[in-house]
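Participant: Starting off with a structure, shown below.
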Amino acid sequence: MGKITAAITGVNGYLPDYVLDNEELSTIVDTSDDWITTRTGIKERRIMKNGASSDMAAEAIKGLLEKTNTDPMDVDLVVVGTVTPDYVFPSTSNVVCDKAGLKNAWGFDVSAACSGFLYSLATGAQFIETGRYKKVIVVGVDKMSSIIDYQDRTTCVIFGDGCGAVMLEPNEEGLGIQDFVLRSDGSGRDYLVMPAGGSLNPATAETVENRMHYVKQEGKQVFKFAVTNMADVSAEIMERNDLASDDVDWLVPHQANLRIIDATANRMGLSSDKVMINIKNYGNTTAGTLPLCLWDYESQLKKGDNIVLSSFGGGFTWGAIYLKWAYNS
Ligand code: UT7
């Protein structure tokens with residue numbers, strides 16, 4: 001028997017219906033379509049008016065089960081990357097298993113901000129590679145509108161809501177996840193953080209009054225770290241796996257800013273037609289960006305394609321995963 005690798009065997013997404021475009025945002029805060037488009041590449045984002053992260057995840061999972069012809073009772077584990085869990089506890093994964101009817105599965109949440117899906121994918125893959133499990137679902141979901149301050153023009157133009165989910169199954173043809181490089185640096189916590197609501201600053205009238213339950217970001221600082229680290233880690237995973245630019249079929253970059261994506265692609269020597277980009281339509285959905293890219297581009301992917309996923313986010317957290325796509329749609 002060959003070595004077991006963990007392969008993605010299906011992908012599905014869920015996006016709320018409501019479209020918040022740059023024009024509407026310009027009536028809420030002092031901004032413009034021109035500023036947002038040139039600085040970030042975003043035109044519109046989706047907003048979930050009712051419901052929680054678990055509702056998006058449950059919808060994405062139900063569609064995924066249908067697409068992959070999977071009996072809900074056969075799912076072993078659900079790993080959910082999110083920084084907008086339904087509650088502090090129980091975990092969103094726990095709620096999702098109930099809402100999606102995954103009676104035999106257990107799960108947990110992974111808090112790694114924009115790298116939530118990467119961390120979760122690497123973690124979920126371990127359970128397949130050891131031979132312990134046959135079906136693991138990995139979700140990246142965030143309802144960013146629940147922690148965004150719509151009086152703060154520096155953050156509210158960037159983020160949106162959305163969810164993507166993938167099925168992981170054992171593969172003996174050498175397809176699936178080949179390698180990962182994951183990093184974190186907690187000294188970055190001051191630059192991108194939701195200051196209150198945790199054990200450091202529990203909710204009080206004062207934390208609410210001071211708007212501390214919203215995302216705070218020092219954009220310029222985060223930008224500097226993101227450009228360097230996302231490019232570095234993507235180059236590192238290519239080197240480690242002897243991948244030349246021509247060997248890489250697709251880059252799946254975290255969708256935070258078109259300029260960061262371009263810098264990463266340049267460093268890897270990739271032309272723009274090999275880079276998945278959907279930031280224009282959804283903005284930054286945090287843990288949702290990578291699986292939503294895979295979902296949008298699924299029909300263009302071919303069995304054996306070399307794919308590098310790469311992200312940078314709050315924490316700081318960052319990393320890259322190299323995988324071989326396992327199926328033709
Ligand atoms: O996904 C998690 C990781 N996050 C990231 O990767 C985000 C990284 N950072 C960025 O993408 C960029 O820094 C931003 C898009 C957040 C901001 O772009 P920037 O080019 O770094 O702008 P800036 O923060 O330096 O602001 C430039 C100017 C400022 O005005 P002054 O001080 O030059 O007069 C801001 O007040 O733009 C102003 N500004 C805005 N103007 C119109 C900031 N936000 C807005 C806005 N509309 N929405």
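Participant: Out of all the residues in the range 258-279, is one or more within 15 Å of the ligand (Cβ to nearest atom), free of Cβ contacts under 8 Å to residues at least 24 places away in the same chain, basic (Lys, Arg) and out of contact with any Cys (no Cβ under 8 Å at 6 or more places or on another chain)?
Facilitator: For the range 258-279, residues within 15 Å of the ligand (Cβ to nearest atom), free of Cβ contacts under 8 Å to residues at least 24 places away in the same chain, basic (Lys, Arg) and out of contact with any Cys (no Cβ under 8 Å at 6 or more places or on another chain): absent.
Participant: Can you tell me which residues in the range 245-255 are within 16 Å of the ligand (Cβ to nearest atom), over 13 Å from residue 231 (Cβ atoms) and touching a residue at least 40 places away in the same chain (Cβ under 8 Å)?
Facilitator: Within the range 245-255, 252 is the sole residue that qualifies.
Participant: Go through the range 77-117 and give me each residue that's over 23 Å from residue 145 (Cβ atoms) and within 19 Å of the chain's Cα centre (by Cα).
Facilitator: First, pick out the residues of the range 77-117 that are over 23 Å from residue 145 (Cβ atoms): 77-79, 97-98, 101-108.
If the condition is that a residue be over 23 Å from residue 145 (Cβ atoms) and within 19 Å of the chain's Cα centre (by Cα), then 77, 78, 79, 107, 108 are the ones that fit.
Participant: Filter the range 4-47 down to residues that are away from the ligand (no atom under 16 Å from the Cβ) and aromatic (Phe, Trp, Tyr) and give me whichever is nearest to the chain's Cα centre (by Cα).
Facilitator: Within the range 4-47, the subset away from the ligand (no atom under 16 Å from the Cβ) is 4-19, 46-47.
Then keep just the ones that are aromatic (Phe, Trp, Tyr); that gives 14, 18.
Values: 14: 13, 18: 20 Å.
Among residues in the range 4-47 that are away from the ligand (no atom under 16 Å from the Cβ) and aromatic (Phe, Trp, Tyr), the one nearest to the chain's Cα centre (by Cα) is 14.
Participant: If you don't mind, there's one more thing I want to ask. Out of the residues in the range 94-114 that are more than 16 Å from the ligand (Cβ to nearest atom) and part of a loop (DSSP other than H, G, I, E, B), state the one that is surrounded by the most Cβ atoms within 10 Å (Cβ to Cβ).
Facilitator: Ranking the candidates gives 102 first.
Participant: Confirm whether residue 180 is in contact with a strand residue (DSSP E or B) (Cβ under 6 Å, 6 or more places away or on another chain) and more than 15 Å from the ligand (Cβ to nearest atom).
Facilitator: Working: in contact with a strand residue (DSSP E or B) (Cβ under 6 Å, 6 or more places away or on another chain): yes; more than 15 Å from the ligand (Cβ to nearest atom): yes.
The answer is yes for residue 180.
Participant: In addition: In the range 194-230, which residue that is acidic (Asp, Glu) and part of a helix (DSSP H, G or I) is farthest from the ligand (Cβ to nearest atom)?
Facilitator: Step one: list which residues in the range 194-230 are acidic (Asp, Glu), which gives 206, 209, 218.
Checking the rest, the ones that are also part of a helix (DSSP H, G or I) come to 206, 209.
Details: 206: 26, 209: 23 Å.
Across the range 194-230, the extreme among qualifying residues is 206.
Participant: Another question, if that's okay. Output the residues belonging to the range 1-28 that are small (Gly, Ala, Ser) and either in contact with a Leu (Cβ under 8 Å, 6 or more places away or on another chain) or within 30 Å of residue 176 (Cα to Cα) (or both). Steps first, please.
Facilitator: First pass over the range 1-28, keeping only residues small (Gly, Ala, Ser): 2, 6-7, 10, 13, 26.
Residues satisfying the conditions are 2, 6, 7, 10, 13.
Participant: While we're here: Outside the structural domain of residue 196 (by TED's automatic domain parsing), touching a strand residue (DSSP E or B) at 6+ places or on another chain (Cβ under 6 Å) and either touching a residue at least 40 places away in the same chain (Cβ under 8 Å) or assigned to a helix (DSSP H, G or I) (or both): does that describe residue 26?
Facilitator: On the way: outside the structural domain of residue 196 (by TED's automatic domain parsing): yes; touching a strand residue (DSSP E or B) at 6+ places or on another chain (Cβ under 6 Å): no; either touching a residue at least 40 places away in the same chain (Cβ under 8 Å) or assigned to a helix (DSSP H, G or I) (or both): yes.
So residue 26 fails the test.
Participant: Kindly indicate whether any position in the range 231-244 is among the β-branched types (Val, Ile, Thr), within 15 Å of the ligand (Cβ to nearest atom) and buried (at least 19 other Cβ atoms within 10 Å of the Cβ). Spell out the reasoning first.
Facilitator: Of all residues in the range 231-244, those among the β-branched types (Val, Ile, Thr) come to 233, 237.
Next, from what is left, pick out any that are within 15 Å of the ligand (Cβ to nearest atom): 233.
In the following step, the residues that additionally are buried (at least 19 other Cβ atoms within 10 Å of the Cβ) were identified as 233.
Checked the range 231-244: at least one residue is among the β-branched types (Val, Ile, Thr), within 15 Å of the ligand (Cβ to nearest atom) and buried (at least 19 other Cβ atoms within 10 Å of the Cβ).
Participant: Ok, one more. Do any helices (runs of 4 or more DSSP H) lying entirely in the range 256-329 carry at least 1 residues that are at pLDDT below 95 and assigned by TED's automatic domain parsing to the domain that holds residue 232, and which ones are they?
Facilitator: Working: elements: 258-268, 279-282, 289-297.
Here the list reads 258-268.
Participant: Within the group 183, 211, which residue is farther than 27 Å from residue 106 by Cα and surrounded by fewer than 18 Cβ atoms within 10 Å (Cβ to Cβ)?
Facilitator: Within the list 183, 211, the selection yields 211.
Participant: Moving on to the next point. Being modelled with pLDDT of 95 or more and under 22 Å from residue 40 (Cα atoms): is that true of residue 179 here? Outline the logic, then answer.
Facilitator: On the way: modelled with pLDDT of 95 or more: yes; under 22 Å from residue 40 (Cα atoms): no.
Criteria not met by residue 179.
Participant: Please determine, by comparing only the residues of the range 115-134 that are not β-branched (Val, Ile, Thr) and not in a helix (DSSP H, G or I), which one is farthest from residue 74 (Cα to Cα).
Facilitator: Just the residues of the range 115-134 that are not β-branched (Val, Ile, Thr), to begin with: 115-122, 124-127, 129, 131-134.
Then drop every residue that is not not in a helix (DSSP H, G or I), which leaves 131-134.
Values: 131: 15, 132: 13, 133: 10, 134: 8 Å.
The selected residue is 131.
The values are calculated or read from the model by the stated rules, or taken from the named source; none is laboratory data. Just so it is clear, the structure is predicted and the values come from calculations on it, not from any experiment. Here the Cβ is made from the backbone with ideal geometry for all residues, glycine too, and neighbour counts use every protein chain on show.
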